[in-house]
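The values are calculated or read from the model by the stated rules, or taken from the named source; none is laboratory data. What you are looking at is a predicted structure, and each value in this text was computed from that prediction instead of being measured. Every residue, glycine as well, gets a Cβ built from its backbone with ideal geometry; the counts of neighbours run over all protein chains shown. Quick note on the areas: whole protein, heavy atoms, side chains included, nothing else; ligands and nucleic acids left out. Shrake-Rupley method; radii C 1.70, N 1.55, O 1.52, S 1.80 Å.
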Amino acid sequence: MFPAYLVATLLASVVNGAAAVANLIGHDYPKSQADKLGVPHSWMRPLGTLLGAGALGLLAGFVVPVLGALAAAGLVLYFIGALWAHVRVGDYALGPWFVFFCLPAAALAVNLAYHGHW
């Protein structure tokens, strides 16, 4: 079970960490997504900060498992909000969203399974 926990957590952390950096440096892709979804550019840094906190929290979960579970749950909620933003504007091209949602969901599931919380 540990290999699944390790891979899911590291993958979710790397992907969300990269998304955080993209938001924080003002990369064109997150800006274009914000424009498409009607999200103000002023939200880019706070959203990037949330993604970064989630990515770091996943890594902290290797030392304090409950932090990893909370970070994964927070990212799952973040991406549920992102789904709402997409649906609200009629954007149903949800492939990238699906990947970003499933990674922390998997990290949460294996965290809870590995540490015996369910």
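Of all residues in the stretch 35-46, none satisfies being in contact with a Phe, Trp or Tyr (Cβ under 8 Å, 6 or more places away or on another chain), surrounded by 17 or more Cβ atoms within 10 Å (Cβ to Cβ) and part of a helix (DSSP H, G or I).
Among residues of the stretch 1-28 that are in a helix (DSSP H, G or I), those with a Cβ under 9 angstrom from a residue that is surrounded by fewer than 15 Cβ atoms within 10 Å (Cβ to Cβ) and of a type in the set (Val, Ile, Thr), sequence gap 6+ or separate chain, pair up as VAL15/VAL99; ALA20/THR49; ASN23/THR49; LEU24/THR49.
I need the full set of residues from the stretch 22-34 which are out of contact with any Pro (no Cβ under 8 Å at 6 or more places or on another chain) and either of a type in the set (Asp, Glu) or open to solvent by less than 80 Å² (accessible area, probe 1.4 Å) (or both), in order please. Result: LEU24, GLY26, ASP28, PRO30, LYS31, SER32, GLN33. Does ASP35 satisfy being free of Cβ contacts under 8 Å to residues at least 12 places away in the same chain and of a type in the set (D, E, K, R)? When the stated conditions are applied, ASP35 passes them.
Among the residues of the stretch 48-78, those identified as free of Cβ contacts under 8 Å to residues at least 12 places away in the same chain and not in a helix (DSSP H, G or I) are VAL63, VAL64. Here the stretch 84-118 is the region considered, the condition is being in contact (Cβ under 8 Å) with a residue 60 or more places away in the chain and of a type outside the set (Gly, Ala, Ser), and the residue that is surrounded by the fewest Cβ atoms within 10 Å (Cβ to Cβ) is VAL99.
The single condition among (1) out of contact with any helix residue (DSSP H, G or I) (no Cβ under 6 Å at 6 or more places or on another chain); (2) crowded, with 18+ Cβ neighbours inside 10 Å; (3) not polar (S, T, N, Q) that LEU51 does not meet is (1).
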